[in-house]
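Single-structure report; data block below.
Where a number appears in this text, it was derived from the coordinates with a stated rule and is not lab data. Just so you know, these numbers come straight off a predicted model, no measurement behind them. In this analysis, Cβ positions are derived from the backbone assuming ideal geometry, glycine residues included, and neighbour counts consider all displayed protein chains.
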């Protein structure tokens, strides 16, 4: 931690003096990994948190695993399956913390993940969002490899419109609850819904990051890239969503988003051995490059 900051929990501050952090965990058929995810929350050095687990219509043993934990800070709500966005929105409706963070049911929080981000939000009142380093966790071997290294600071809207990977990985931000103001994830989207949510918030405060690892992101057991047509649809919805923001983005910002999307899809379809689809997205990339 930075000089001049002492974790109130470690300093013996009363529980009432500590800011509450709401951790929102959507869970659908997450029996394989959810205990590890919850244990990573229980092991946090920051002690004042609530874990809101939204069991989104699981048909496996997810709920049975949840009953193993006896901690008043863990709250479980079961609902019919509505998708990850609806589950996160239910968590946002329930959350009462000063700060909010999302944790998928197959991911893991390093022990200092909460405390290092709370430090920034408590000492820098202009900060609304705090990101951190993300490591990829191989689901077979447990090996950790670099995945997301954030950089820069300031109002993140323009960088999000450019889909800048240095400011956006996924739901890795800790968010000051006061900037939420009713913002919710778009339930009609199945891909890029987290970026759409961040775009809604991005002009409401400053982006900061820490150099510490804040998330182990499990990959290899399921990927959006396995459904390229669904991903393409999600990106089309993202552009439409962004265009309808108030105030709307500048034309050049939308062009940069479209160019970035086209480039991602071109490479993805090439890798998948679908050349016709790849060429259509390559043409879109060239067209938007010419318009800049």
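Structure data summary
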read-out: Spacing of the two label points (7 Å from each Cα toward its C-beta) at residue 251 and residue 60, in nm; value: 4.9
read-out: Inter-site label distance for residue 219 and residue 145 at 7 Å from Cα along Cβ, in nm; value: 0.8
read-out: Mean projection area, nm², convex hull over Cα of segment 174-279; value: 8.6
read-out: Estimated Rh, segment 231-282: Kirkwood, alpha-carbon pairs, angstrom; value: 11.6
read-out: Space enclosed by the convex hull of the alpha-carbon atoms of segment 108-211, per residue, Å³; value: 112
read-out: Dimensions (Å) - segment 157-220, Cα atoms, principal axes, largest first; value: 30, 27, 23
read-out: Bins of 5 Å, starting at 0 and running to the largest distance - Cα pair percent for segment 1-147; value: 2, 9, 18, 21, 20, 15, 10, 4, 1, 0
read-out: 17 Å cut-off, amide nitrogen to a point 7 angstrom out along residue 123 Cα→Cβ, residues in segment 15-29; value: 19
read-out: Spin-label model distance (nm) - residue 155 vs residue 276, 7 Å beyond Cα toward Cβ; value: 4.5
read-out: Order by protection proxy (mean Cβ within 10 Å, highest first), peptides 41-50, 127-136; value: 127-136, 41-50
read-out: Cα long-axis angle, helix 251-271 against the chain (0 to 90 degrees, to the nearest 10); value: 90
read-out: 0 to 90° range, to nearest 10: angle between helix 275-290 axis and the chain longest Cα axis; value: 90
read-out: 0 to 90° range, to nearest 10: angle between helix 113-123 axis and the chain longest Cα axis; value: 90
read-out: Percent RCO, i.e. relative contact order, over the chain, from Cα pairs under 8 Å lying at least 6 residues apart; value: 17
read-out: Mean-position separation - Cα centroids, segment 70-103 and segment 14-36, in angstrom; value: 8
read-out: Per principal axis, descending, Cα span of segment 55-134 in whole Å; value: 43, 26, 24
read-out: Sequence ranges 99-107, 116-124, 143-151, 171-179, ranked by mean other-Cβ count within 10 angstrom, highest first; value: 99-107, 171-179, 116-124, 143-151
read-out: Relative contact order (percent, whole number), segment 63-216, Cα cutoff 8 Å, 6+ residue spacing; value: 36
read-out: Calculated FRET efficiency for the pair residue 43/residue 16, C-beta based, R₀ 22 Å, to 0.05; value: 0.40
